[in-house]
Structures are given as C-alpha cells and as structure tokens.
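Encoded as structure tokens, the structure appears first; notes follow it.
Just so it is clear, none of the values below were taken in a lab; they were calculated from the coordinates. The shown structure was predicted, so the numbers you read here are calculated from the model rather than taken from an experiment. Here the Cβ is made from the backbone with ideal geometry for all residues, glycine too, and neighbour counts use every protein chain on show.
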Amino acid sequence: MGAHGPLPKRSEERTRRNKPENEGGISLSKGEKVPFKVPPADKDWHPRAKEWYKSLSRSGMKDYYELSDYEHARILCDAMTEYYKRPTAMMLATILQGMTALGTTEGERRRMRIELEAPKLPETPASVTALATYREQLGVPET
C-alpha cells in the first residue's frame, strides 16, 4: 500500500527544485517490452466491472501495465461481480485496495510518483489565428 499522509503535489506545483525529480521513487529499466494481447472481459461480469476493466485499456496508465496487472484486474472484476450480488464492507474495501494497487486514482499515482499529462495539442501560430479571425469577420470562406 502507498505512503500515508497528505498526497504529494504534482511536479509543477512543487516550489523546491533542488531535489532530484524522482525523489524517493525508484527508476527501473525494463528492457524490451514484450507485446501482449489484453485478455478480454468476461461475459459473466457485472456491467460496472466490465466498464472498469475496459477503462484500464483506455487510461494513460495502459503503457505501464503488464499482463500480470491485467490478470490482477480480472480477479478484481470477479470480486466486483460477487460484491454486486452480496455487498459487504470488507469486500468493498478489498476491491478498492486492489484498484489502488493498480494506480487507478490520481492520488495513488502521485504516491507512486507517476504523473499523467494530457496530450498537448499542436499550437496554431498567432499569425494564422489572426488571419482566420479576419476572414471570419469579413465573412470570407476558408479555402
């Protein structure tokens, strides 16, 4: 389980810059990534479990997941399906702890020292933007 206490700030929110970027974290190189096919969702899972499982493949963390992480998620989806049949507080706590271990929340990713950034859109030069604005004001169609 992650560290206790307040969540670490995002790197752009930190004011102290004289410590290493990976302060307290561990950097490992994995070698060559072995491609694998993500195991499919089980047709017997509860709809919420299926959606959560599919969301893992669409998240920014998908680049960090290995086959064993998807198998861990499959076990959690089995547990979620059972939880929706007979909910108990202990089962919910176990499921949420398993989700946390996979880094599915921003808070846990910060504790793991992983920051996901939104993809940057290519910036349009100011001159092109100004010309487009002038054309729009004059009612000239774009070519």
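Values for this structure:
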item	result
Mean Cβ neighbour count within 10 Å, used as a protection proxy, ranking 61-72, 44-55 highest first	44-55, 61-72
Length-normalised contact order for the stretch 41-104 - Cα pairs under 8 Å, 6+ apart - percent	38 percent
Net lengthening on full extension, Ser68/Glu13 (0.36 nm per residue, minus Cα-Cα)	16.5 nm
Fully extended contour minus Cα-Cα distance, from Thr88 to Lys54, at 0.36 nm per residue	9.8 nm
Net length gained if the chain between Ala132 and Arg113 were fully extended (0.36 nm per residue, minus Cα distance)	2.7 nm
